[in-house]
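The values are calculated or read from the model by the stated rules, or taken from the named source; none is laboratory data. Keep in mind that this is a model prediction, so the values were computed, not measured. Every residue, glycine as well, gets a Cβ built from its backbone with ideal geometry; the counts of neighbours run over all protein chains shown. SASA here: full protein model, heavy atoms, side chains in, ligands and nucleic acids out. Shrake-Rupley method; radii C 1.70, N 1.55, O 1.52, S 1.80 Å.
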Amino acid sequence: QVQLVESGGGLVQAGGSLRLSCAASGNIFSVNAMGWYRQAPGKQRELVASIPNGGSTNYADSVKGRFTISRNNAKNTVYLQMNSLKAEDTAVYYCNVEICSDLGVELEYYWGQGNQVTGSS
């Protein structure tokens, strides 16, 4: 079993900052790509940022220059630092992690439970 536990969401005034964390635990042999998605009411879930295990990060155009994704491989944790938050950033944020649970087992994607982020105008 693999579990992803998110923390760090909340309500913040426009222009403020929040930091999301997502820690993976359980049967983990290796962790590949890690990322953050968000889903606003009435909209489809969209990729916010991703970070491979080595290589360049990737960001949605709407968050470039404001959000920063990072990871701590020793802790199997991915972070999303969100600065200059806007009302349009309001959504439920989900982490998504590609994990191999054992040698020879295929990689699978796991989702966090979701965390509400609200930017008030």
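Filtered by the rule that a residue be over 10 Å from the mean Cα position of the chain (by Cα), open to solvent by less than 60 Å² (accessible area, probe 1.4 Å) and closer than 21 Å to Lys86 by Cβ, segment 18-56 gives Leu18, Ala40.
Within segment 1-56, the set of residues being farther than 14 Å from Trp111 by Cα, hydroxyl-bearing (Ser, Thr, Tyr) and touching a strand residue (DSSP E or B) at 6+ places or on another chain (Cβ under 8 Å) comprises Ser17, Ser30.
The single condition from (1) open to solvent by less than 20 Å² (accessible area, probe 1.4 Å); (2) under 17 Å from Lys43 (Cβ atoms); (3) within 15 Å of the chain's Cα centre (by Cα); (4) touching a residue at least 60 places away in the same chain (Cβ under 8 Å) that Ala91 fails is (4). On inspection, Ala60 fails the criterion of being open to solvent by less than 20 Å² (accessible area, probe 1.4 Å), under 20 Å from Val12 (Cβ atoms) and under 15 Å from the mean Cα position of the chain (by Cα). Among residues of segment 16-28 that are free of Cβ contacts under 8 Å to residues at least 60 places away in the same chain and at negative phi, those with a Cβ under 7 angstrom from a residue that is of a type in the set (Gly, Ala, Ser) and assigned to a strand (DSSP E or B), sequence gap 6+ or separate chain, pair up as Ser21/Ser7.
Scanning segment 39-62 for any residue that is modelled with pLDDT under 95, within 19 Å of Ser25 (Cβ to Cβ) and out of contact with any Gly (no Cβ under 7 Å at 6 or more places or on another chain) turns up at least one such residue. If the condition is being open to solvent by less than 60 Å² (accessible area, probe 1.4 Å) and in a loop (DSSP other than H, G, I, E, B), then segment 1-13 contributes Gly8, Gly9.
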